[in-house]
Amino acid sequence: MKLGRVVGNVVSTVSNPLYDGRKLLLCDLVDERGRDVGDYLIAVDNVGAGAGETVLVLDEGNGARQVLDWPEGAVRAVVVGIVDRVDLG
Amino acid sequence: MKLGKVIGTVVASTHVDGLEGVKLLIVQPLDKKRRPKGRPVVAGDGLQIAGYGEIVYYVSSREAALAMPQNTFVPVDDAIVGIVDEVHEDPGR
């Protein structure tokens, strides 16, 4: 999984039917210190993550489909957790 | 998924099975501020209605085949999933 930070969301009324009503979060990808690594992902929200929160992004189709229970869903990136804290050794 | 902009279409009358009637669009990947970034890709139009100039979001690799409406396997590795109405930026802090 990847660490990300929610920096917005994507509004889309015309989309693949599975995406109807699902929140699409715009997530910067960040490193273990929360620094922007210069990439982003659009991820389907599954935990109610809010703007500015550090999140866990699962970026793999099979896992995403299981998490969302979309057996045939065209989905890869799903927000699967909200990070409370990162402790580095 | 990433943001992209439809900048053209591709017609390929000679193609493998499974691409019959599939609308192919040239999509320029965008960064989160909708600036072009990276090389354009040819994406299957999973919605059949994405038009020239529209901002879309697309999925890659195996999931692209799942995004296509045909009930047969469509051999594409990028496919448009939705049309973007708005990208709302809110860093939250």
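The values are calculated or read from the model by the stated rules, or taken from the named source; none is laboratory data. Remember, it's a predicted structure, so these values are computed and weren't measured experimentally. Cβ atoms come from the backbone with ideal geometry, glycine included; neighbour counts cover every protein chain shown. Surface accessibility is based on the protein's heavy atoms, side chains included, excluding ligands, DNA and RNA. Shrake-Rupley method; radii C 1.70, N 1.55, O 1.52, S 1.80 Å.
Tabulated values for the structure
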| read-out | value |
| --- | --- |
| Selection from region B:20-35 of residues that are out of contact with any Gly (no Cβ under 8 Å at 6 or more places or on another chain) and either open to solvent by 50 Å² or more (accessible area, probe 1.4 Å) or more than 29 Å from A:D45 (Cα to Cα) (or both) | B:E20, B:G21, B:K33, B:R34, B:R35 |
| Candidates A:G8, A:G61, A:G48, filtered to the one that is open to solvent by 20 Å² or more (accessible area, probe 1.4 Å), more than 10 Å from the chain's Cα centre (by Cα) and of a type in the set (G, A, S) | A:G48 |
| Single residue of B:A43, B:A50, B:A64, B:A79 found to be farther than 15 Å from A:R76 by Cβ and open to solvent by less than 70 Å² (accessible area, probe 1.4 Å) | B:A50 |
| Answer residue from region B:10-31, given it is of a type outside the set (A, V, I, L, M) and modelled with pLDDT of 95 or more and is nearest to A:D39 (Cα to Cα) among those | B:D31 |
| Any hit, region B:10-27, residues being within 14 Å of the chain's Cα centre (by Cα), of a type in the set (S, T, N, Q) and on the phi < 0 side of the Ramachandran plot | no |
| Of all residues making up region A:33-45, the number that are surrounded by 22 or more Cβ atoms within 10 Å (Cβ to Cβ) and in contact (Cβ under 8 Å) with a residue 40 or more places away in the chain | 0 |
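Conditions tested, residue by residue: (1) closer than 23 Å to A:N9 by Cβ; (2) within 11 Å of another protein chain (Cβ to nearest Cβ); (3) aliphatic (A, V, I, L, M).
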residue: B:V11; (1), (2), (3): no, no, yes
residue: B:V16; (1), (2), (3): no, no, yes
residue: B:G53; (1), (2), (3): yes, no, no
residue: B:E63; (1), (2), (3): yes, yes, no
residue: B:N71; (1), (2), (3): no, yes, no
residue: B:A79; (1), (2), (3): yes, yes, yes
